[in-house]
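The values are calculated or read from the model by the stated rules, or taken from the named source; none is laboratory data. Remember, it's a predicted structure, so these values are computed and weren't measured experimentally. Here Cβ is always computed from backbone atoms with ideal geometry, including for glycine, and neighbour counts include all displayed protein chains. Accessible surface areas use protein heavy atoms only, side chains included; no ligands, DNA or RNA. Shrake-Rupley method; radii C 1.70, N 1.55, O 1.52, S 1.80 Å.
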2 protein chains.
Amino acid sequence: MPPQPIAFFGLGLMGRPMAEHLIAGGHTVTLWNRTRSKADGLGAPVADRPAEAVREGGLVFSLLADDRAVLDLFGDGAIAARLGPGGVHVGLSTVAPETARRLAEIHAAAGSRYMSAPVMGRPEAVAARKEHFLAAGPAEAKDRARPILEALGEGGVYDFGEAPESANAAKLINNYLIAATINALADAVTMAEKSGIDPEALYAQATGTLFDCLAWKTYGRQIVDRSYDTPSFKLSLGLKDVKLVGGLADATEMPSPVVSALHDRYLAAVAQGMGGLDWSGIARLVRRNAGLGD
Amino acid sequence: MPPQPIAFFGLGLMGRPMAEHLIAGGHTVTLWNRTRSKADGLGAPVADRPAEAVREGGLVFSLLADDRAVLDLFGDGAIAARLGPGGVHVGLSTVAPETARRLAEIHAAAGSRYMSAPVMGRPEAVAARKEHFLAAGPAEAKDRARPILEALGEGGVYDFGEAPESANAAKLINNYLIAATINALADAVTMAEKSGIDPEALYAQATGTLFDCLAWKTYGRQIVDRSYDTPSFKLSLGLKDVKLVGGLADATEMPSPVVSALHDRYLAAVAQGMGGLDWSGIARLVRRNAGLGD
């Protein structure tokens, strides 16, 4: 794959290691971030204004905090117009399918292409190139982005079809599965403690048998250790994602009492000042509800 | 390990393959089952009355449907008395911790010992010697039972301490984790379909990455295929176990909206005639709730 001209928007916990890998991969990367200082020190030029980062016919990668940040940046169509024919925007953010649909329209109107490729992985996974991507969009866009995404994350690229918003729905469903896992583990470990069972014994048995997989081991470990203070993914962002899942459930008319319960637990955790914990910190709320200390 | 005199009570879907393995292992096994015909054809003598199956100082294995069946059989202490000093009862059933506590008292009063070793695995796993056991009870009882259990299931024996009821609580917590997994997968696959996502693509991605483990693959496969008609574990028994989990949550003062939601979903599924499906068949209820066909 020849080096590509890439504009990279969003240098947060996830975006920064990804931009580093693109720069190390020999691409011609131009950075932009709302807080400019976060783009410094990566050895790539930083644009003063977003559109200035973009090369006609080039690539845009965006990895932003939420739907509002995405629409603030791309909603007026200026970046899509600058990309022009042949240009491809690869949206890596976790946003509502509706937002992806709007981006696809904006880019189509400007003659450029939008695809979604939300990233699955925490910052440490991205740094270690262990993440994977859920990709959906026009075939030409996916063909162009795939080798770059495959070089970024050895977890690979999973294809969810031609409609960009399908990848965003798949990402929300994945985050629902993770949140449901965290919540089940928080219940289980707390119930074990209240039953007089050693949580370590439960962890060893469950993750050594039926639940011998990354999500269960990672979050189970944090919950057994009550170690939520160094967030890889903040609980406040977990609430944001659970709200997006609820929005998807509403939009698709898919009633789920667990989606509703997760919303209430994450909202209560934020209300009780836990928004800055890792999202596995929901276990602290479960302990409090059950009359245990933090 | 020398061959042991073993009375085996309960020759249902789980008990029958286990008794077969004990007989094949050279133990002196005597069978008893409420419906006598289910004990036929295994090549071991069948007792007319329960206590007649028991040898003084020997072993009793029981694998019965529910708490009532266990207390009906062992509640009057006759079998515990027949076992006598040195005798050990290994309770394999999924029952409430309170039932295990009562059995421990009954056996202690009779001079014999009770331990719990609920089995984790479906009938086909038991037949293939893939199950594992959650063991708790007096050390001497566990020392005597362990080599027999290890020979039965290569998944091994996980130790939950000296109090027999801890193994029963651990079993219920495990079944909660499985039910929460089934429920999350049912939600996810249904939401995928309603979002226009191919459920196979979601299955491949999720179980190929964060959820690459037995419970998620097994139940995910059944739910994606909508294949619940040959039950390994009936939905009606799933409701029984979810009620036991709710009882544990109440007894330990452990509030959980998901435990409550699982109860309501399993109860609704039984009400709608799905009690004879596999317990992954909760996905059919989720589909109906979401306006989809079976």
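Ranking A:Lys171, B:Lys194, B:Lys130 from most to least accessible surface, computed with a 1.4 Å probe over the protein chains only, gives B:Lys130, B:Lys194, A:Lys171. Taking all protein chains together and rolling a 1.4 Å probe, B:Ile173 ends up with roughly 0 Å² accessible. Partner shielding of B:170-177 amounts to 6, given as the average count of beta-carbon atoms from other chains within 10 Å of each residue beta-carbon.
Give me the accessible area buried between chains B and A, both sides summed, with a 1.4 Å probe, in Å² rounded to the nearest 100.
Numbers: alone 13100 and 13090 Å², together 21600 Å².
The B and A chains share an interface burying roughly 4600 Å².
If the segment from A:Asp48 to A:Asp72 were pulled out straight at 0.36 nm per residue, it would be longer than the present Cα-Cα gap by 7.0 nm.
The order of B:Asp250, B:Asp66, B:Asp143 by accessible area, most exposed first and with a 1.4 Å probe, is B:Asp250, B:Asp143, B:Asp66.
Copy-to-copy label distances for A:Leu267, where each label lies 7 Å from Cα along Cα-to-Cβ, are 2.4 nm in order of increasing length.
Sorted from nearest, the other copies put their B:Lys130 label points 2.7 nm away, the label point being 7 Å from Cα in the direction of Cβ.
Placing one equal scatterer on every Cα of chain B and applying the Debye formula, the log10 ratio I(q)/I(0) at q = 0.10, 0.11, 0.14 Å⁻¹ is -0.56, -0.67, -1.01.
How many percent of the alpha carbon pairs in the range B:111-231 exceed a separation of 24 Å? Provide the component values of the computation, followed by the final result.
Working: 2992 of 7260 pairs.
Summing the P(r) tail past 24 Å for the range B:111-231 gives 41 percent.
Per-residue SASA remark: A:Glu165, around 40 Å² accessible (1.4 Å probe; ligands, DNA and RNA not included). I'd like the FRET efficiency for B:Glu140 and A:Glu150, computed as 1/(1 + (r/R0)^6) with the beta carbon distance as r and R0 of 56 Å, rounded to 0.05. The value I calculate is 0.45.
Given just the C-alpha atoms of the range A:30-148, how large is their convex hull per residue in cubic angstrom?
Values: hull volume 12.8 nm³, N = 119.
Convex hull of Cα atoms, per residue: 108 Å³.
Volume per residue, Å³, of the convex hull around the alpha-carbon atoms of the range A:194-258?
On the way: hull volume 8.9 nm³, N = 65.
Taking the convex hull of the Cα positions in the range A:194-258, it is 138 Å³ per residue.
Surface exposure of the protein assembly as shown, expressed per residue as accessible area with a 1.4 Å probe, stands at 37 Å². Between the alpha-carbon centres of the range A:191-262 and the range B:35-97 there is a gap of 39 Å.
Please list the three semi-axes, largest first and in whole Å, of the ellipsoid equivalent to the protein assembly as shown, using sqrt of 5 times the eigenvalues of its alpha carbon gyration tensor.
Equivalent ellipsoid semi-axes, largest first: 54, 22, 20 Å.
When chain A is turned onto chain B, its residue with the beta carbon nearest the axis, and that distance in whole angstrom, is A:Cys213, 2. Separation of the range B:1-19 from the range B:98-156 is 12 Å, based on Cα centroids.
Please tell me the relative contact order of chain B in percent, rounded to the nearest whole number, where contacts are Cα pairs under 8 Å and at least six residues apart.
Numbers: 537 pairs, mean separation 36.9, N = 294.
Relative contact order, chain B: 13 percent.
Between B:Ser260 and A:Ala24, take the C-beta separation as r, use R0 = 56 Å, and let me know the FRET efficiency to the nearest 0.05.
Working: r = 50 Å, r/R0 = 0.90.
Calculated transfer efficiency: 0.65.
Each copy carries B:Gly111; placing its label point 7 Å along the C-beta direction from Cα gives inter-copy distances of 9.8 nm, listed from smallest up.
Order B:Thr218, B:Thr94 by their accessible area, 1.4 angstrom probe, all chains in place, largest first. Before the final figure, lay out each step's value.
Values: B:Thr218 40, B:Thr94 20 Å².
In descending accessible area the options line up as B:Thr218, B:Thr94.
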